[in-house]
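For reference, the structure discussed in these notes is given below.
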Amino acid sequence: MKRIISIIFAVALISSFTACKPLPEGSFKEESTTSAYGVDSNGETVSPELEEFLNSFDSTDPAQFEQQFEQMLEEEVEIPEMEFGDELIDDSNSSKVEVDLNDEGKPDHSDLELDFSDILNSEEYTIDVVLMTKTADEEVKIPVVAMRKGNQAYFEMVAPVEGKGSMRINMLITEDGTLYFILPAMKAYMPMPGESMNDLFNTDYVTEDAASNGTYVESREVTVNGKTYVCDIYQEGENVIKYYYDNNELRRIETVSGEDIIIMEINEISKKSDASKFKLPKYFDLSTVINSSNFDINSMY
């Protein structure tokens, strides 16, 4: 399961680069006072929000760039609350419980209505989770929806930008393996090399979870908000992983590695997907700008 969490978190990290590294002065230079961006190969024009944002790249006033960058953010986006809370569940008053074990000496969850690993090993699924990561330096909570249908994949998330608001970011992998980074607020997308995402479809990588590699320790009954859950506890090196079950449904996973904590709360697991999500929206193709002769991509870094 740790590997599954890592994949989801990696997607969230990819999304965060726009929030962390503003482009410096001189990244883009206009050749005239009129729009330098025209239309892309699909005939889509730049949205006013995107054009104003791109125009800010040649500003000599950093504050102006900052102001334009904030156009990508949404102050009113609500990050959903975690049903079990943002902190590790207090299991100090829990009691050990004996559960049925399988041939490997680990809890037998063959009666699960929806098996997480089984679904992620299938050709079609939807998972809707809230991912909380805590380190000594920061705390981030990101809602993530991930879908797969055959060789296509779709992700949507809301990445918080400290003190500024939140940014909606989507990612789409099409049948031909192209990865599209989508910014709904700008009505724009950027095609990117998709080879790095192939591991999403490597079922050995996706389903090889902590329950397979870790050592089963024990199961305990834990009461949260007056309701009792069964918690399976595993040890993997220095990592402690806890799986919280509501009868036949996996609801929450907590991973503790030293001072670092990852909490994943599961809102939905399904063997279905929304076909409309696998269609590239009619947005402006940012590669039209990036590939133009008056854009210096090296100055972005």
Out of all the residues in region 162-170, is one or more modelled with pLDDT of 75 or more and of a type in the set (A, V, I, L, M, F, W, C)? yes
Within region 122-154, which residues are over 13 Å from PHE278 (Cβ atoms), part of a loop (DSSP other than H, G, I, E, B) and of a type in the set (S, T, N, Q)? SER122, THR135
Identify, by number, the condition in (1) surrounded by fewer than 16 Cβ atoms within 10 Å (Cβ to Cβ); (2) at pLDDT below 80 that GLY194 doesn't meet. (1)
Taking ASP118 as the residue in question, decide whether it is at pLDDT 70 or above and in a helix (DSSP H, G or I). yes
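The values are calculated or read from the model by the stated rules, or taken from the named source; none is laboratory data. This one's a predicted model, so the numbers in the text were calculated from it and none came from an experiment. Neighbour counts are summed over all protein chains in view; Cβ atoms, including those assigned to glycine, are modelled from backbone coordinates with ideal geometry.
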